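Written below as C-alpha cells is the structure these notes are about.
The values are calculated or read from the model by the stated rules, or taken from the named source; none is laboratory data. As the structure is a computational prediction, the values presented were derived from the model and not from experiment. Every residue, glycine as well, gets a Cβ built from its backbone with ideal geometry; the counts of neighbours run over all protein chains shown.
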Amino acid sequence: MAENQPIHIEALNPDCCNQWLYQQDACLTCAMCASVCPVAGVDNYDPRKMVRMVSLGMVDQVVQSRWPWICTMCGKCEQSCPMGIDISDLTRKIRSLREGKHVPGILSKGLAAALETGNNLSLPKEDFIFILEDVGDEVAEEPGLEGFTVPIDKKGARILTTIHNKLVNTHTEDLKPWWRIFHAAGEDWTIASDNWEGTTWGYFTGDDEAMKVMAGRIVENMRRLEIDTLLWPE
Amino acid sequence: MNLNNKHVTIIGAGVAGLTAACCLADWDIHVSVLEKTPFPGGHAIQLTCKATDTCVKCGACIAEVKLSGAIRKPNVHIFTGTQMESISGQGPYRVHYRSHSPLVNADRCNGCGICFKKCPVPGTILQGQAPRVGPYVAIRRDLCRYFDNAACTLCRDSCPQGAIHFSNEATAGELKADAVLVATGFSPYNPAAKPYGYGLFQNVITSLDAERVLRDHYLMKRPTDGRTAQRIAFIQCVGSRDAKSGHLWCSKICCGSSLRMARLIQSRQENAEISFFYIDVQTFGKNFHSFYKEAQENIKMIRAIPGDIINTKMDELQVIYFDPDTHSSRDAIFDLVVLSVGLMPSAGNARMAGELGWPLDTQGFMPPRSSPNQPVPKGVFTIGTATGPMSIAESVSSAEQTAFEIIHFLGER
Amino acid sequence: MENKAENGVRGKESLSAEVMIFGDSVCAQRIAANLVDNGIGVCLAAGNGSSPASIIQDRVQWLSDTRLNHCHGFAGNFTLQIDHGHNQLKKTVQAIVVAEDDSRSPNYSQYRLTPGLRVVGLSDLEEKLKHSMTESFSGTDTRIVLLCGWRKDAHPSVARRMLEGCLQLQAQPGVSTYFMTGNMKVASAGSEELVHKAKQAGTVFFKFTGVFPTIQPQENGYFTIDYPDESTRNTFQLTADWVVVDETIEPANHLELLIQKLGIDQDHIGFAQSDNVRRLSNFTNRRGIFVAGGSRGVLSHAEQLADADQVSLNVLSFLGDLDGEPLAGVTIKQGLCARCLTCVRLCPHRAIEVGSRITVITEACQSCGICTAGCPGRAIEMEGVHIGLETIQRMNHLLAITFVEKPRIVVFGCMRSAGQSHTLIQVSGQALPEGVGFVEIPCGGTIAGRHLLGAFEAGADGVMLCICHTDNCQSEIGNVVARKRAESTRDLLASAGVETERLRIVSLSANMGNEFVYRIKAFIKDIVLLNNPQKENKNG
C-alpha cells in the first residue's frame, strides 16, 4: 500500500471497531510489542503499527495488507504489552476478515485439506499407521527399548497425544525422543488413527468455526478412546 | 492554648515523616516517629547527589538535612526497628508498637567492616547512610541465617568489638497520640517479571541500585567485575504506566532521576555512551527545558521500550529494541543496564489502611485528606509517597502543608 | 488591624503581628484566611477592581489599586511605602508574603498560528466550558484539535488541563477530538487515567518526536493539518473546525517591580524565588519575606492551595521565633570601617543597614560571613569562626608531627555540605586520609584569599576549598564569591612561583561522604606528584 499519499482522517472511522474487546485504543505507543516481535521490520510490519491502524479506523487497509500474515502468532507482543492489549487476538480477528480465497495459499489449502481429511497432508489412514509402525520398529532396535510398539487407538490409555504433520512427513526422526521418554517413564499413552493432527489451522487463519471443528474432533477422539488427558504439543 | 501537651505519632521516618516531625516539633508538640527498618531516612537517604558542578535540584541532600534537623530536636523521638501493631481509641489514640532490639551494639561497633566480609548472605548486613540514630550497622533478621536455624554466627564470632548479640527480643510499647500521621512511603517495583533478566544478570540493576553505586563508588561500576561501565542503557517505565500489572500511573520521578544520573555519569566519565529508552519524557524542575535540551544533545534518546536482554559470552548485555527511525528490530551492546523502576504502594498499605479505617484509592495508595473521597477518621493524616508518587521536594511540601493541618486540628481540640 | 480569632492555634502572647500579603490570588486569599484564623492581622495588596472572597471579607485590610514604592527595614520590622490610588500609605509589618497570581498566555506562535476566531487558548476554553458556552463547539461532525507541547514541552499542569478540556469537548454531541502532543505529560496524579478515559471516549492521540505537523489556515476559517504519523508511517491530513492551543505560565508582569523593591532574588524565568533547594518551600534570601503560589513557580490550582497552607505554617513559625536567639553575631568595627559599602553590595540577605553608621541587622543576618571576607578594611568580625593564620598553623603543626611522610593538606569546607559529608565519614567509622586537616566554615563565602594563602604560609602542601554546588548555596552567592576569590588567589600563587594546582576548588553536597574522601584522595595523589620533583630540586 502506498504510504506517502496523505490519508484523510475524516474518511476514517475510529469508532468502527469499538465493539472489539481487544483494548486496541489503549496503546501508549511504547513500542515494547515491536521490540519483542521476531518479525518486526519484515515488509515494514510491526505489531504496534497494526494496533494503531486499527485504532485509527484503518481496518480495511490492514486487512488488505500482507502484515497480519507475516506474524508468526508467537504471542510475545501480547505478553509484553503493558496496557494489556490482546494483540494476538486482534491479529486473528484481522485475518478472519479476509475472504477465504484471499487467505495466503498454504494456509487456505492446509485448512481445507485438514477439514476434509482430518490432516492437512491428506495422508490416508493406512499410510499414517505404516509410518508410525515403521518408526516404532526402528526405536525397538535401540538398546533398552526392545519390545517397543506404538500404541494406536488404545482404549482407556492415560494420555492421548496429537501429532504435528511434519513428524510424519519430513521429520520422522523427531518422533523418537517423545517415544523414548514415554517408554522410559512407563507411560500409558496412545495416538488416534483418525484426526490425529494437532496443528490448529483455524487458529492461524482466524477461522473460529474451523478451529471449533478441529478441536471438536480431538475431543471426540478422547471420548471414543475413553481418555481424560490430552498431550497437545503445539 | 498550648500545644506542648500534645502528642503526634508519625509512622515512617522517610523524608516526609522527618519533615513533618521537624515542623511539629517547632510547635512544642511531642513527636514519636516509628521506623520499621534499622535506619531512618527512607529511600531518599540512600540517593546520590546528582549535581555536576551545578545543583540539579534532585533533592537528595534534603533528606540529610531533615534527618539531622529531626535528631537535634529534643521533642522528637525516633524509634528504629519498630512497627505499628495496632491502634485503639477514637482520638486521642493509643498506638501499639513492637520494637526489635538492635543486634549491633551502637556503643561498641566501630564500623570496621569485618562483619560485611564474613557474612555469607549478601545484603544481610546493612550500613547506615546518614547521621545516626542508634547503630550504624544493622543485620536484617529476614535474611540472617542465625534466625533461620541458628546456623551461622560468623559475624558475631569475628567481631573484634564483641558488638553483635543475637536476640529475638522484641519489646511492645504504647504511645498516646492526639494525631497519627502515616508517612510509610512507597515500595520500589520489583522488575523480576519483566523480560530484562533482573536477578539473573547482575549487570542489570534498578535505578535505586544505580543511585547507591554512584554514591558509594563515584563512578558507574559494574557489579560483576567492578569495571567502570562505559556503555550504559536506561530503560524507563519499568513497572509504571503498566495497566496490565494494575499500575495505571506514571511514577513521576524516574525521568528526572535517570536523566540527571546519566548527565552525572557523563560529567565524571568522559567517554560514557548513554542510551535512554523512553515513552514520554516527564517534566522535572524549573530548569527542565534547558536540562532536557542538553540531555538530548548528549544522550541517545530512543523513543521505544526494549523487549529482551541477553547476557553475551563476553559478559556484555545485548538489548533488543524496535528502532523508531528505521522501524525495524535492532540490538545494541551495553556494559550495564539501569531499569527505572516505578513507585508502587507500600506493601503494608492494605493492613495499615484497614487498621486506621482509611480508604485506599483504586491504585492502592493512601490518598491525602483533601481528596474527594469517603470520610476519613479524625486526627489521622497521610503524606509523602504513601499518598502517590512524588519527588523529594513534593514530599517536603506535602509534609509541611499537612503539618499545618495537624497544628490547626490540635489547636481546635 | 488586630483580629483575634477564637479558633486560632498559636498560643503565644500578643498576636498583634501584621503580615503584608501581595496579591489577590486564591492562594493569597487562603493565606490571609489562615493567618487571620490564627489571630494575625493581615493587610492584602490587591490588584485593580478585585474584591475579597467572603471567607476573609471584613477580616483583612484589603487595599486595591496599590503599588509598592519602597521597602525598608528587616525581618520583624519592615516598613512599606505604598501608593494606594492617589494616597501614600506607610505600613509597618513583621512579615511579607508575595502571592501574586501567575500570568498565562496562549502559545499561538509555537504552532505558527495567529490568534483568530477558530483558535482558542486553553484559559479561554476553560471559561467557555465553565459557563456552558459549548454550543459553538457542538454540531454535526465537528473536529477539534488540541495542540499540546510540541517544540517546547508543556508544563504538566497545563497538559492536565488540556486533557480535562479535551474530555469535556469529546462529550459534546457531534464532536471528535484529536490530541496532538510531543511528550505526553502524565506525571500529575490521575493524568494517566485521564488519558485512558479520553481514549475510551473516542479522542484520538498523536505523538510526535522532532517532526511536527504543519497547520494551514483555510479561507473559510478552518485549518488543514498535515502530519506524518510515527507509529503507522502514514501521512495524514485532517481538517479541523477548531484548534485549541496550550499556554505558557509565567510570572505576572508587575512581579518584577515587586521583586526589585523587596530586594529578593528571582529565578531565570522571573519568579520571585531563586531555583535553589535551600529555599524550599516558601523561603527567599531575606528572612521574613516569603513567596507562595504563582509567584514562586508554575503550580496547579490544587498545589497553590496547598502552598497557602504551607506558607502559613512557615509564617506562623517565623513570627513565633522572632523573640528567639539571633544567630552568631557579626559586628562591624566602626574604627576600621571606611564606608565603602562593599558589604552592603555583597550581603545576599540584605542584612546591612546604611545609616549614620554601617551596621549589621542581627534579625536578618544569616551568619554566612561573605561580608567579613569581602571587607577590604577587615572591619567585620564574626563570632566563633577560627580560620586565622594561628589556628591553621597549629593544625598543620599537628599534622606534620603525626604524619611525617605525608603531604599536609588543609581542607576548608562549608558546614552545610562538606561539613555534613565529613560527619558522615566520621559516624561510619572512617577517617580522613592521613595528613589531611579539615576546617569547617559557615559558608564558602567566609573564606578570603588571605585565608587560603595563610594555609600555605602555615606549611600546607595543598589547599582544598569545598563549596556547595552552584545554585545550592544557603546564601545564594557564597559559593560564587568563594570561587572567584580562590581563582584570584591562584593567580597570586602563580606570580609567587607556586603551582596553581596546589589550590583546588571542589563543589560537594551534604550527603556525599564517600565522594568527599574520593576527591581528597585524588587531590593528595596530585600533590604527591607535585612534591616529588621539588624534592629532587632541593637535593640538587
Does C:Asp321 fit the bill of being crowded, with 17+ Cβ neighbours inside 10 Å and within 24 Å of C:Gly76 (Cβ to Cβ)? no
Among the residues of region A:76-96, which ones are hydroxyl-bearing (Ser, Thr, Tyr) and within 11 Å of chain B (Cβ to nearest Cβ)? A:Ser80
Is it true that some residue in region C:144-151 is surrounded by 23 or more Cβ atoms within 10 Å (Cβ to Cβ) and away from every other protein chain (no Cβ under 14 Å)? yes
One residue is enough: does region C:343-356 have a residue meeting the conditions away from chain B (no Cβ under 14 Å) and within 22 Å of C:Ile21 (Cβ to Cβ)? yes
Qualifying position, being assigned to a loop (DSSP other than H, G, I, E, B) and either modelled with pLDDT of 95 or more or closer than 14 Å to B:Gln129 by Cα (or both), among B:Gly42, B:Gly17: B:Gly42
All strands (runs of 3 or more DSSP E) inside region B:310-413 with 3 or more residues being within 23 Å of B:Gly239 (Cβ to Cβ) and hydrophobic (A, V, I, L, M, F, W, C): B:317-323, B:336-341
Could you please give the count of residues in region C:97-124 that are touching a Lys or Arg at 6+ places or on another chain (Cβ under 9 Å) and not in a loop (DSSP other than H, G, I, E, B)? 7
Filtered residues of region B:87-104 (kept if assigned to a loop (DSSP other than H, G, I, E, B) and under 26 Å from B:Ala20 (Cα atoms)): B:Gly89, B:Gln90, B:Gly91, B:Pro92, B:Ser101, B:Pro102
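Residue-by-condition table, conditions (1) under 27 Å from B:Thr283 (Cβ atoms); (2) within 14 Å of chain A (Cβ to nearest Cβ); (3) of a type outside the set (D, E, K, R):
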residue	(1), (2), (3)
B:Thr171	no, no, yes
B:Asp178	no, no, no
B:Leu181	no, no, yes
B:Tyr189	yes, yes, yes
B:Leu200	no, no, yes
B:Gln236	yes, yes, yes
B:Lys244	yes, yes, no
B:Leu259	yes, no, yes
Please name all residue pairs, on different chains or six or more residues apart, with Cβ atoms under 6 Å, provided the first residue is in region C:285-308 and is assigned by TED's automatic domain parsing to the domain that holds C:His72 and over 20 Å from C:Arg160 (Cα atoms) and the second residue is surrounded by 24 or more Cβ atoms within 10 Å (Cβ to Cβ) and among the hydroxyl-bearing types (Ser, Thr, Tyr). C:Val291/C:Thr284
Residue that is farthest from B:Ile78 (Cα to Cα) [pool: residues in region B:51-63 that are within 7 Å of another protein chain (Cβ to nearest Cβ) and part of a loop (DSSP other than H, G, I, E, B)]: B:Asp53
When the residues of region B:127-146 are narrowed to those that are at pLDDT 85 or above and part of a strand (DSSP E or B), which ends up farthest from the other protein chains (Cβ to nearest Cβ)? B:Ile139
Take B:Asp107 and tell me if it is among the acidic types (Asp, Glu), closer than 28 Å to B:Pro389 by Cα and not in a strand (DSSP E or B). no
Specify which of the listed residues (A:Gly206, A:Gly198) is surrounded by 13 or more Cβ atoms within 10 Å (Cβ to Cβ) and within 20 Å of A:Phe128 (Cα to Cα). A:Gly198
Listed residues A:Ile94, A:Ile85; which is assigned by TED's automatic domain parsing to the domain that holds A:Tyr22, not in a helix (DSSP H, G or I) and not hydroxyl-bearing (Ser, Thr, Tyr)? A:Ile85
When region C:484-521 is checked residue by residue, the ones that are within 30 Å of the chain's Cα centre (by Cα) and away from chain B (no Cβ under 14 Å) are C:Lys484, C:Arg485, C:Ser488
Count of residues meeting criterion [surrounded by fewer than 15 Cβ atoms within 10 Å (Cβ to Cβ) and either within 14 Å of chain A (Cβ to nearest Cβ) or free of Cβ contacts under 8 Å to residues at least 40 places away in the same chain (or both)] in region C:240-266: 2
Condition first: surrounded by 11 or more Cβ atoms within 10 Å (Cβ to Cβ) and closer than 16 Å to A:Thr149 by Cα. Now tell me which residues in region A:162-180 satisfy that. A:Thr172, A:Leu175, A:Lys176, A:Trp178, A:Trp179, A:Arg180
Of the conditions (1) among the hydrophobic types (A, V, I, L, M, F, W, C); (2) more than 30 Å from A:Cys33 (Cβ to Cβ); (3) in contact with a Leu (Cβ under 6 Å, 6 or more places away or on another chain), the single one that B:Val376 does not satisfy is (3)
Pick from region B:64-86 the residues that are part of a strand (DSSP E or B) and not aliphatic (A, V, I, L, M): which of them is farthest from C:Gly513 (Cα to Cα)? B:Ser86
If we keep only residues of region C:79-126 that are among the acidic types (Asp, Glu) and touching a strand residue (DSSP E or B) at 6+ places or on another chain (Cβ under 7 Å), then the residue surrounded by the fewest Cβ atoms within 10 Å (Cβ to Cβ) is C:Asp83
Pair list, Cβ under 9 Å, 6 or more apart: region B:59-82 residue farther than 26 Å from B:Gly256 by Cα, other residue crowded, with 24+ Cβ neighbours inside 10 Å and of a type in the set (Asp, Glu): B:Ile78/B:Glu35; B:Phe79/B:Glu35; B:Thr80/B:Glu35; B:Gly81/B:Glu35; B:Thr82/B:Glu35
Against the definition (in contact (Cβ under 8 Å) with a residue 60 or more places away in the chain, among the hydrophobic types (A, V, I, L, M, F, W, C) and more than 12 Å from chain B (Cβ to nearest Cβ)), how does A:Trp20 come out, yes or no? yes
Can you spot a residue in region C:343-350 that is modelled with pLDDT of 90 or more, touching a helix residue (DSSP H, G or I) at 6+ places or on another chain (Cβ under 7 Å), surrounded by 13 or more Cβ atoms within 10 Å (Cβ to Cβ) and within 26 Å of C:Gly459 (Cβ to Cβ)? no
Quick check on my filter: what residues within region A:23-38 are under 20 Å from A:Gly206 (Cβ atoms), at the interface with chain B (Cβ under 9 Å from one of its Cβ atoms) and not in a loop (DSSP other than H, G, I, E, B)? A:Cys33
Under 6 Å between Cβ atoms, which residue pairs at least 6 apart in sequence (or on different chains) link something in region A:39-58 that is at the interface with chain B (Cβ under 9 Å from one of its Cβ atoms) with a partner that is buried (at least 24 other Cβ atoms within 10 Å of the Cβ) and assigned to a helix (DSSP H, G or I)? A:Ala40/A:Ala34; A:Asp46/A:Ala34; A:Arg48/A:Cys33; A:Arg48/A:Ala34
Of all the residues that make up region B:23-61, how many are small (Gly, Ala, Ser) and within 16 Å of the chain's Cα centre (by Cα)? 5
Of everything in region B:284-307, what is touching a helix residue (DSSP H, G or I) at 6+ places or on another chain (Cβ under 8 Å), at pLDDT 95 or above and either away from chain A (no Cβ under 14 Å) or surrounded by fewer than 24 Cβ atoms within 10 Å (Cβ to Cβ) (or both)? Give them in sequence order. B:Phe291, B:Tyr292, B:Glu294, B:Ala295, B:Asn298, B:Ile299, B:Met301, B:Ala304
